[in-house]
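Participant: Can you read through this structure? Questions will come right after.
The values are calculated or read from the model by the stated rules, or taken from the named source; none is laboratory data. Note that the coordinates shown come from a computational prediction; the quantities given were computed from them, not determined experimentally. As a convention, Cβ positions derive from the backbone with ideal geometry for all residues, glycine included, and neighbour counts pool all protein chains shown. Areas reflect the complete protein model, heavy atoms only, side chains present, ligands, DNA and RNA absent. Shrake-Rupley method; radii C 1.70, N 1.55, O 1.52, S 1.80 Å.
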Amino acid sequence: MTEQMSEADVLAEFRAADALLEGHFVLSSGLHSPRYLQCARVLMDPRRGARLAEALAARLPAAVRGQVTAVVSPAMGGVIAGQEMARALGVEAMFLERPTGVFELRRGFRLVAGQRVLMMEDVVTTGLSSREAIAAIAAAGGETVAAAALVDRSNGAADLGVPFFPLIRLDVPSYPADALPAELAAIPATKPGSRAA
Ligand SMILES: O=P(O)(O)OC[C@H]1O[C@H](OP(=O)(O)OP(=O)(O)O)[C@H](O)[C@@H]1O
Ligand SMILES: O=C(O)c1cc(=O)[nH]c(=O)[nH]1
Ligand SMILES: [Mg+2]
């Protein structure tokens, strides 16, 4: 049976996983933020990951669910989220990685020409990683019919160029390095993600 989850239910899952971090974080984009959604902690419990993915899959339009034959996600953060989404949709999962700095399919993963895929992220902030992933899917011959993510923290600003379905939208501030509020500048910064600076 398909799980129905409210925004409060989703937030409760994040809280239960200790995934709502507070401090001073440098994001993938180089922006700074007092809050970080650590989706890896949410996905530590595979049952929690499955619940969230099923809830997100249930929100996708039937036309999207009916078209996609694979979920493709950008490593590292997207790997487990993409695997759970693929399980929920009953399709295959692949991930993109960037050992040379540009996302590519490796490990024998391949798309047939025109294959319709869902691009799955853990978190979208500026949307740059998602756009890079969608470009890599196109370079590999695939067509991204929609994007999905556990969290959209772009405050509505991310334009991925395809319909975008986040499980939850969170209003979280982020700041350029040269415009930090004093209270944030006073805290030492950590960079949890893996994008090279
Ligand atoms: O929308 P954006 O501004 O691109 O930010 C979101 C991206 O940042 C994080 O990845 P990160 O590059 O930190 O690496 P990781 O996935 O290996 O943790 C996250 O997993 C998204 O991919
Ligand atoms: O923008 C990011 O890099 C980012 C923000 C966030 O809250 N969580 C995360 O995993 N990445
Ligand atoms: Mg990532």
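Participant: Does the range 10-28 hold any residues that are among the basic types (K, R) and surrounded by 18 or more Cβ atoms within 10 Å (Cβ to Cβ), and which are they?
Facilitator: We begin by selecting, within the range 10-28, every residue among the basic types (K, R); these are 15.
Within the range 10-28, no residue meets the criteria.
Participant: Can you spot a residue in the range 22-37 that is over 22 Å from T125 (Cβ atoms) and in contact with a helix residue (DSSP H, G or I) (Cβ under 8 Å, 6 or more places away or on another chain)?
Facilitator: no
Participant: So which residues in the range 145-159 are buried (at least 18 other Cβ atoms within 10 Å of the Cβ) and either among the aromatic types (F, W, Y) or without any contact (Cβ under 8 Å) to a residue 40 or more places away in the chain (or both)?
Facilitator: Residues satisfying the conditions are A147, D152, S154, A158.
Participant: When residues of the range 29-64 are filtered for being open to solvent by 20 Å² or more (accessible area, probe 1.4 Å) and over 22 Å from A86 (Cα atoms), how many remain?
Facilitator: 7
Participant: Among the candidates A86, A8, A50, A55, which residue alone is free of Cβ contacts under 8 Å to residues at least 12 places away in the same chain, more than 16 Å from ligand 1 (Cβ to nearest atom) and assigned to a helix (DSSP H, G or I)?
Facilitator: The unique qualifying residue is A8.
Participant: Out of V162, V145, V151, report the one residue that is within 10 Å of ligand 1 (Cβ to nearest atom), within 21 Å of M85 (Cβ to Cβ), β-branched (V, I, T) and modelled with pLDDT of 95 or more.
Facilitator: V151
Participant: Of the conditions (1) β-branched (V, I, T); (2) within 11 Å of ligand 3 (Cβ to nearest atom); (3) open to solvent by less than 10 Å² (accessible area, probe 1.4 Å), V72 fails just one. Which one is it?
Facilitator: (2)
Participant: Sticking with this structure for a sec: Here is a list of conditions, (1) among the acidic types (D, E); (2) surrounded by 14 or more Cβ atoms within 10 Å (Cβ to Cβ); (3) at pLDDT 95 or above, and E3 meets all of them except one; can you say which number that is?
Facilitator: (3)
Participant: Here's a follow-up. With respect to the numbered conditions (1) of a type in the set (V, I, T); (2) in contact (Cβ under 8 Å) with a residue 24 or more places away in the chain; (3) part of a loop (DSSP other than H, G, I, E, B); (4) open to solvent by 20 Å² or more (accessible area, probe 1.4 Å), which one is the sole condition not fulfilled by V123?
Facilitator: Against the list (1) of a type in the set (V, I, T); (2) in contact (Cβ under 8 Å) with a residue 24 or more places away in the chain; (3) part of a loop (DSSP other than H, G, I, E, B); (4) open to solvent by 20 Å² or more (accessible area, probe 1.4 Å), V123 comes up short only on (3).
Participant: What are the residues in the range 126-142 that are open to solvent by 30 Å² or more (accessible area, probe 1.4 Å), farther than 15 Å from F109 by Cα and not in a helix (DSSP H, G or I), if any?
Facilitator: T126, the sole residue that qualifies.
Participant: Would you confirm whether or not the range 99-115 contains a residue that is open to solvent by 30 Å² or more (accessible area, probe 1.4 Å) and within 16 Å of ligand 2 (Cβ to nearest atom)?
Facilitator: No - not one qualifying residue is present in the range 99-115.
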